[in-house]
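To keep things clear, I will list the structure first and then write my remarks on it.
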Amino acid sequence: LRDIQDVSIDQGVQELLEKARREGVDTAFDRADQMSTCGFGSTGVCCRHCLEGPCRIAPNGKGPQRGICGADVHTIVARNFLSHLTEGAAGHAEHGREVALTLLEAAEGTAPYEIKDQGKLLKVAQDLKIDITNKEPKEIAKEVALKALEDFSKQKGIMNWVELRAHKDSLATWNELGVTPVNAHLEISKSVARSAMGCDADPLNLVLGGITMGLVDGYAGLHLSTDLQDILFGTPKAVKAQYAMGVLKEDMINIAVHGHVPMLSEKVVEWARKLNSEAKEVGAKGINIVGVCCTGNELLMRQGVSVASSFSSQELVIVSGVLEAMVVDIQCVMPGIQAVAECYHTDIITTLPYVKIPGASHIEFHPEDADEAAQAIVRKAIGNFTKRDPAKIAIPQETVEAYAGFSTEQVVEALALINQEDPLQPLIEAITSGKIRGVAAIVGCTNPKEKQDIGNVTVAKELLKNNVLVVATGCAAHSLAKHNLMNPQGLAYCGEELRQVLEGIGQAAGLPSLPPVLHMGSCVDNSRPADLLTAIANKLGLPIRSLPVVGSCPETHSPKALSIGTFFIAHGVDVHVGVSPQVSGSSVVTEMLCGDKVSEGVTAEKVFGGKLIYETDPVKGAQLLLERIDSKRAALGI
Ligand code: NFS
Ligand code: SF4
């Protein structure tokens with residue numbers, strides 16, 4: 001097993017891992033050390049698409065070079081890559097669909113949710129070309145929800161949300177290639193079908209299918225979810241909150257909300273407030289909700305709820321010995337949490353009929369009976385408070401303050417304080433003059449195989465030092481927040497010119513400064529940086545591909561991160577990953593994704609203007625991103 005210092009740079013995580021080991025509790029970090037890496041799988045050359053196989057292609061040429069069906073290594077790798085992207089896109093598309101259904105039920109009065117941001121509702125409705133004259137908000141919400149659901153059913157044309165949100169130049173490229181999605185379900189189904197044995201065998205065609213999955217993810221997943229969630233729960237505004245394991249409270253009932261879709265977690269927060277007096281009856285001071293993974297991001301952005309953990313350390317929240325319940329919905333929920341919970345008094349509560357864990361409690365959640373389910377969940381946690389084992393309690397001390405809540409709307413509002421007529425102008429001027437060298441989104445995961453936070457934090461610091469404006473989402477945002485990159489202390493890591501820009505905008509908004517990294521939300525909120533880019537590109541009359549912007553996912557674990565990355569590459573934004581995307585077994589596929597303009601054959605860079613950069617060393621990764629920023633600046637003559 002690794003030394004605890006090699007597992008994470010977060011001291012709270014180190015302390016809890018040490019405690020877990022002392023108490024004989026198995027966690028993902030230790031399981032990662034015990035898992036041997038498979039050379040076939042990690043290069044993408046193992047095919048399990050039919051029962052003739054599994055077939056594996058020997059990488060050194062000294063064994064079978066084709067599967068039983070005759071598929072060569074390039075077909076196999078491209079097909080596996082497409083399968084990953086399909087899985088990622090399906091997760092986000094399901095998220096979008098669930099939110100759309102909830103909006104519909106809220107509009108029809110069958111689910112207990114309000115429409116918190118009527119302004120955004122009207123804006124989205126108008127942009128969707130819905131006639132809003134003399135209509136009640138609920139009527140408009142219903143029409144918006146139905147437009148969203150069309151993106152899971154229409155058989156012709158292109159997805160409504162692509163039309164609504166895509167930059168016209170990007171869309172023209174996709175139309176020309178024939179990769180623009182018609183509806184999410186049709187495309188996902190087609191993608192699964194084409195990956196089967198005896199179907200699509202052309203690596204280029206399969207990779208183009210992957211681009212469609214990136215777009216399904218980006219529009220039916222990210223944009224549609226963000227837009228509708230903002231309508232239902234409010235568009236985030238600047239907010240201050242606390243990060244790290246120290247947000248757990250010994251004298252309170254602690255409930256962790258974990259997963260992704262905010263319909264459940266918003267209700268748990270609401271009912272925790274309402275049932276506070278019941279918590280006092282059992283001797284607690286109150287109820288403390290803490291976030292894990294992207295549910296943490298959603299609640300942080302809209303409710304200022306503290307965040308305990310990112311993905312890779314989720315089990316350790318339980319090891320504190322003070323967690324009464326961990327409520328989960330979907331995605332990135334490790335099955336391992338149940339075995340850990342069994343060593344303490346914690347209840348794991350699953351909530352969706354299609355996401356269960358053996359041994360866990362199950363309180364089924366449907367939007368229609370959201371209030372009843374949330375009450376039952378909170379009461380179950382209250383009932384657990386007196387079951388704690390005092391000998392097993394240990395809460396790490398440290399918490400870190402972070403400023404978050406930077407929706408695109410909030411960023412524009414802050415910029416408007418400098419230039420009311422033309423809010424984007426100060427940002428564009430800073431980029432053109434070189435005060436801001438470029439913009440980077442640091443996104444995605446933490447991965448138990450990797451030393452937690454080090455990749456995310458190192459890439460961010462390298463870019464900040466070089467005057468790159470950094471925005472963040474997902475578990476990467478968690479890493480950056482915990483290491484002071486979302487409060488004014490982190491300004492010390494910024495280049496002088498970037499610091500002046502952040503202070504200038506912050507002071508106009510009545511703050512000492514903007515934080516060095518702007519937290520834009522959960523992984524579906526990668527729509528927000530995409531919207532900001534589209535707005536800047538439109539303002540300048542340029543395609544997104546020519547802007548000096550990059551993306552980085554240094555500690556990738558999820559196929560969802562790959563499909564989001566593909567979405568950005570399809571816009572011509574270079575994307576760095578720090579963990580192998582499992583395509584290196586095919587020189588052809590690697591060249592398509594990672595090759596450059598002078599490569600032979602078709603490459604993402606030639607077609608879209610952006611490519612995949614795989615580099616495990618975060619300092620080198622940042623260096624490569626800076627080179628790309630500089631070459632795009634040079635091409636623009638700035
Ligand atoms: Ni994104 Fe969010 Fe975290 Fe990665 Fe998982 S929680 S949806 S996939 S691990 S960032
Ligand atoms: Fe083997 Fe072809 Fe079947 Fe894959 S699809 S398992 S390569 S026979």
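The values are calculated or read from the model by the stated rules, or taken from the named source; none is laboratory data. Quick caveat: nothing in here was measured; it's all calculated off a predicted structure. Cβ: placed from backbone, ideal geometry, glycine included. Neighbour counts: every protein chain shown. Heads up: the accessible areas ignore ligands, DNA and RNA and are worked out on the full protein's heavy atoms, side chains in. Shrake-Rupley method; radii C 1.70, N 1.55, O 1.52, S 1.80 Å.
List of remarks:
- Among residues of region 124-151 that are over 13 Å from GLU105 (Cα atoms), those with a beta-carbon under 7 Å from a residue that is open to solvent by 80 Å² or more (accessible area, probe 1.4 Å) and assigned to a helix (DSSP H, G or I) at least six positions away or on a different chain give the pairs ILE132/GLN126; PRO137/GLN118.
- Residue ID - farthest from ligand 1 (Cβ to nearest atom), chosen from residues in region 43-95 that are among the aliphatic types (A, V, I, L, M), surrounded by fewer than 20 Cβ atoms within 10 Å (Cβ to Cβ) and modelled with pLDDT of 95 or more: ILE68
- Yes/no for LYS237 being among the basic types (Lys, Arg), more than 17 Å from ASP371 (Cβ to Cβ), modelled with pLDDT of 95 or more and touching a helix residue (DSSP H, G or I) at 6+ places or on another chain (Cβ under 6 Å): yes
- Just so you know, in region 29-42 the residues that are of a type in the set (S, T, N, Q) and open to solvent by 70 Å² or more (accessible area, probe 1.4 Å) include one that is farthest from ligand 1 (Cβ to nearest atom), and it is SER36.
- Residue list for region 597-609, restricted to those being part of a loop (DSSP other than H, G, I, E, B) and either open to solvent by 30 Å² or more (accessible area, probe 1.4 Å) or modelled with pLDDT under 95 (or both): LYS597, VAL598, SER599, GLU600, GLY601, VAL602
- Unique match (being in a helix (DSSP H, G or I) and at pLDDT 95 or above) among GLU250, GLU266: GLU266
Yes/no per residue for (1) within 16 Å of ligand 1 (Cβ to nearest atom); (2) touching a residue at least 40 places away in the same chain (Cβ under 8 Å); (3) of a type in the set (A, V, I, L, M, F, W, C):
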residue	(1), (2), (3)
LEU215	no, yes, yes
ALA220	yes, yes, yes
THR235	no, yes, no
LYS249	no, yes, no
HIS258	yes, yes, no
SER277	no, no, no
GLY291	yes, no, no
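- Helices (runs of 4 or more DSSP H) fully within region 452-540 counting 2 or more residues that are open to solvent by 20 Å² or more (accessible area, probe 1.4 Å) and more than 15 Å from ligand 1 (Cβ to nearest atom): 454-465, 496-508, 527-540
- Scanning region 514-553 for residues that are touching a Cys at 6+ places or on another chain (Cβ under 9 Å) and of a type in the set (A, V, I, L, M, F, W, C) yields a total of 3.
- Consider region 610-624 and keep the residues that are open to solvent by less than 10 Å² (accessible area, probe 1.4 Å) and in contact with a Gly (Cβ under 8 Å, 6 or more places away or on another chain). The one that is farthest from THR212 (Cα to Cα) is GLY621.
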